[in-house]
Amino acid sequence: MQYRTLSNGVELPMIGYGTFQIKDAAQCEQCISEALETGYRLFDTAASYENEAAIGMALRDSGLPREEWFVTTKLWVQDAGYDGTLWAFEHSLENLGLDQIDLYLIHQPFGDYYGAWRAMERLYREGAVRAIGVSNFTPERLVDLCMNQEFKPMVNQIEIHPFFQQNTALRVMEDYGVVPQAWAPLSEAQKDIFNHKTLAKIADRHGKTAAQVILRWHLQRKIPTIPKTVHRGRMAENLDVFDFELTAKEMPEGWSCSVHLRTTTAAIHLRTGNLSLAMWI
Ligand SMILES: NC(=O)c1ccc[n+]([C@@H]2O[C@H](COP(=O)([O-])OP(=O)(O)OC[C@H]3O[C@@H](n4cnc5c(N)ncnc54)[C@H](OP(=O)(O)O)[C@@H]3O)[C@@H](O)[C@H]2O)c1
């Protein structure tokens, strides 16, 4: 495994395991056990995924020492604010059955996220979390938070994939020492990405799959990712990306593809007036 070092020295694995939409507890526990056996050591969850308890159970039952695995969880929108965050953190800790979380993120920049950030700084100072960060923060909100608080976010987890490359956001994060982490690194399998013609040719040339080429592209851009799959074979496939190199021409920047196709996000629902969905996502 390769790592990216956060501003406080914590090492973030370059590839972790995403768990969005794996709600069924038995399936989730099995996926985590298989992912551990396959070699994953970072597990990404959130209060809103309703699977923290199953993930905690599988990790604790694995027999692996606590320092060998890494758990990220996230504060949901309705718990934003100082007191709400302290309460929600205790709740996540209890669900996971842990006494420390490796990375705690504000899931969305909605509500009183300034109050939330001050509570997260307190949790960090007290040692209850090893690193703190945000998710879905646009450059302007990220810069505002960076300039006005004691600690800068160590991570900003945002949507990044070949169809939505986020170059401006990445430049801003680089300037402020915030490490990006890509959600939907495989574009949530949308837009028929695995059958993209150029991608298929590149994959053939390297004897790899389309998914592996995409994850390799993230790796060469030094962007940690958290691909999700419930299939054991794909878990292994998504980790097997450390033994080949894409040329500059093979990077999706050079493909003939639109780079502004987002998956279903709050921003899209806000734009189209679907407020109830926007608040949920
Ligand atoms: N912070 C946020 O707001 C936010 C938002 C969304 C997601 N996330 C996190 O980021 C993680 C990853 O994002 P995501 O789950 O939305 O999307 P993703 O990882 O880009 O894509 C997952 C989809 O790709 C399929 N897939 C995975 N590996 C594959 C392979 N090798 N070949 C073919 N298909 C493959 C999966 O199907 P199967 O499962 O059937 O294999 C699933 O349909 C989430 O699980 C979650 O932990 C965070």
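The numbers here are math on the coordinates, done by the rules we state, and not lab data. Fair warning: this is a prediction, and the values are worked out from it, not measured in the lab. Because the Cβ atoms are built from the backbone with ideal geometry, glycine has one as well, and the counts that use them run over all protein chains shown.
Couple of notes before you dig in:
- Across segment 1-98, the mean sequence separation of Cα contacts (distance under 8 Å, 6 or more residues apart), normalised by length, yields a relative contact order of 25 percent.
- Positive-end ranking of G16, N195, L219 along the dipole of the chain, with charges on Cβ about the Cα centre, is headed by N195.
- Under 20 Å from K201, Cα to Cα: lysines that are on another chain or at least 8 residues apart: K191, K249
- Sequence-ordered 3J(HN,Hα) estimates for segment 110-123 from the Karplus curve with 6.51, -1.76 and 1.60 and θ = phi - 60° stand at 10, x, 7, 7, 5, x, 4, 5, 5, 5, 5, 4, 4, 4 Hz, glycine and proline given as x.
- Ascending count of other beta-carbon atoms within 10 Å, so fewest first, for V213, V230, V172: V230, V172, V213
- All aspartates and glutamates inside 20 Å of K208 as judged from Cα atoms, apart from same-chain residues fewer than 8 positions distant: E188, D192, E237, D240, D243, E245, E250, E253
- Residue-averaged [θ]222 nm for the chain, counting only DSSP H segments that reach four residues, each worth -39500 (n - 2.57): -12000 deg cm²/dmol
- If only the Cβ of Lys and Arg carry +1 and only the Cβ of Asp and Glu carry -1, the dipole of segment 3-278 around its Cα centre is close to 960 debye.
- Listed residue (I32, N167, L93) projecting farthest to the positive dipole end of segment 3-278, Cβ model: N167
- Shown in residue order for segment 96-106 are the 3J(HN,Hα) couplings computed by the Karplus curve 6.51 cos²θ - 1.76 cosθ + 1.60 at θ = phi - 60°: 6, x, 10, 10, 8, 10, 6, 9, 10, 10, 6 Hz (x for Gly and Pro).
- Cα-based helix-to-principal-axis angle, 52-61 vs the chain, degrees rounded to 10: 80 degrees
- With the highest mean first, a sort of the peptides 56-63, 84-91 on other beta-carbon atoms found within 10 angstrom per residue produces 84-91, 56-63.
- Distance from segment 127-179 to segment 38-109 (C-alpha centre basis), Å: 19 Å
- Peptides 37-49, 199-211, 93-105 ranked from most to least packed by the mean count of surrounding Cβ atoms within 10 Å: 37-49, 93-105, 199-211.
- Structural descriptor for the chain: relative contact order 17 percent, calculated from alpha carbon pairs under 8 angstrom and at least 6 residues apart.
- Annotation: the antiparallel percentage among DSSP beta bridges lying fully within segment 3-278 is about 20.
- Sorted largest first, the principal axis extents computed over the alpha-carbon atoms of segment 3-278 equal 53, 43, 38 Å.
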